[in-house]
Amino acid sequence: MAQNFLLSARYRDLPVRKIACLSDAEAYEIFLQARWKDGVPKCPECDSEAWTLGDHSRPGDKRQFRCKSNPCRKKFSVTSGTLLHSRKKDFVTILMAIRLFISGAKGISSIQLGADGEMAIKTAWVLAHKMREAQIKNQLGRQLSGIVEIDGSTYGGYYHQVNEKSERIDRRKLGNITGKEMSVVVARERSTKDRVGLSVCTVVPHEADSRPFIVDSVDRFAKVYADDGSHWDALAAAFDIDQVNHSQRYYDKGICTNQAESYFSRVDRMEMGTHHHIAGDYLWGYACDAVWREDKRRDTQRERFQSILIGLLGNPVSRTMKGYWQRHLEITSEEPDLEATLLIEDENLADDEAEGMSQKDIIALFGRDALPAQRRQPGGKQWKARKPFAPRKHDIRPKPWSELQQPRGLPSFIP
């Protein structure tokens with residue numbers, strides 16, 4: 001994959017803010033160079049060379065390729081098998097959405113992204129979360145070294161305050177806690193003269209639950225700084241850790257968690273001024289968005305643009321976001337047999353009439369709905385039986401990014 005496709009001779013002088021001025025053919029060429037090295041297509045299944053089907057420079061062409069490998073012969077496009085699989089928007093719109101996504105220091109809301117990118121809010125929401133999934137996968141398996149600061153903060157668990165003072169409750173009490181609060185725990189390297197320190201984050205019910213994640217993400221020879229929380233004491237078995245008592249001081253002879261606090265300052269402002277609500281199952285995506293913006297704060301706009309586009313085209317299909325708004329419309333595939341249902345109803349009605357219950361008594365006791373569909377209307381006119389109601393499935397959407405939260409092998413540390 002070409003890492004400097006926008007720095008090539010043709011696009012070296014192209015400002016990222018001029019993305020909207022590109023033609024569809026020029027935007028398609030950028031996708032080709034970002035997906036494959038030198039723009040030469042390779043099959044996503046077997047990584048073999050491919051033929052170009054049709055004329056991709058002609059308007060209206062499908063722009064497909066076919067694998068040259070004999071057992072494969074798979075058809076694919078430039079976005080097949082990526083986070084942009086089954087896209088509906090054109091290439092210029094996607095590039096413009098990426099440009100808007102990277103421009104905000106505190107992120108961008110889906111409402112603003114949809115308005116500025118001229119797309120529906122639902123489309124903008126899904127596209128933004130696909131970019132956040134690329135950001136999540138960018139930090140998976142990351143190992144921090146040097147001086148690492150760790151800290152946590154709580155988000156979610158909102159409670160609507162009632163009007164009457166006598167009906168208000170103290171949400172600090174254990175019995176009044178909603179149980180929806182989640183803790184975001186971050187580990188940040190201190191920056192050096194050579195490079196900007198990297199960061200990793202996770203979302204857990206309590207800060208103490210993040211200790212295995214910290215041990216898996218931080219090098220054993222790293223120096224760890226934390227606050228005075230008692231749950232961090234167990235990390236002394238794996239690291240050289242120093243803690244500072246924040247009830248007394250924030251900085252103690254070089255020991256502090258200011259970098260981690262700086263990260264949460266950005267997340268808090270993202271919540272207050274941009275997204276307004278970042279709790280729930282998608283909290284990890286917003287937290288990793290803040291990690292990406294912290295790590296890329298010294299990069300140019302062109303480098304951030306390349307990072308997002310390469311992440312979208314370099315990762316497999318999103319299990320969570322592909323077809324997100326269509327999944328709740330699926331119904332059960334096994335529909336009840338109409339004839340068998342009516343036959344059973346007729347048999348039950350015959351049994352009731354044999355026991356001395358007339359049709360009038362059945363209607364008086366159980367209502368007219370207890371009769372078969374053909375007999376529910378009075379009079380001699382026979383009505384056509386209606387198709388029985390097939391209830392919809394429950395929401396089958398998986399928990400967001402659940403396949404990415406599985407442990408990577410055996411835990412290296414058990415608290």
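Mind giving me the FRET efficiency for Q301 and E167? R0 is 51 Å, r the Cβ-Cβ distance, nearest 0.05 is fine.
0.50
Which pairs in the list K130/K180; K89/K130; K62/K130; K37/K74 are over 18 Å apart, alpha-carbon to alpha-carbon?
Result: K130/K180; K62/K130; K37/K74 exceed 18 Å.
Express the carbon and sulfur contribution to the solvent-accessible surface of the range 37-131 as a percent, rounded to the nearest whole number, probe 1.4 angstrom.
Result for the range 37-131: 46 percent of the exposed heavy-atom area is carbon or sulfur.
What figure, in Å² to the nearest 10, do you get for the accessible area of R66 with a 1.4 Å probe and non-protein molecules left out?
Per-residue accessible area (R66): approximately 70 Å².
The values are calculated or read from the model by the stated rules, or taken from the named source; none is laboratory data. The shown structure was predicted, so the numbers you read here are calculated from the model rather than taken from an experiment. Backbone-built Cβ (ideal geometry, glycine too); neighbour counts: all protein chains shown. Side chains included, ligands, DNA and RNA excluded: accessible areas come from the protein's heavy atoms. Shrake-Rupley method; radii C 1.70, N 1.55, O 1.52, S 1.80 Å.
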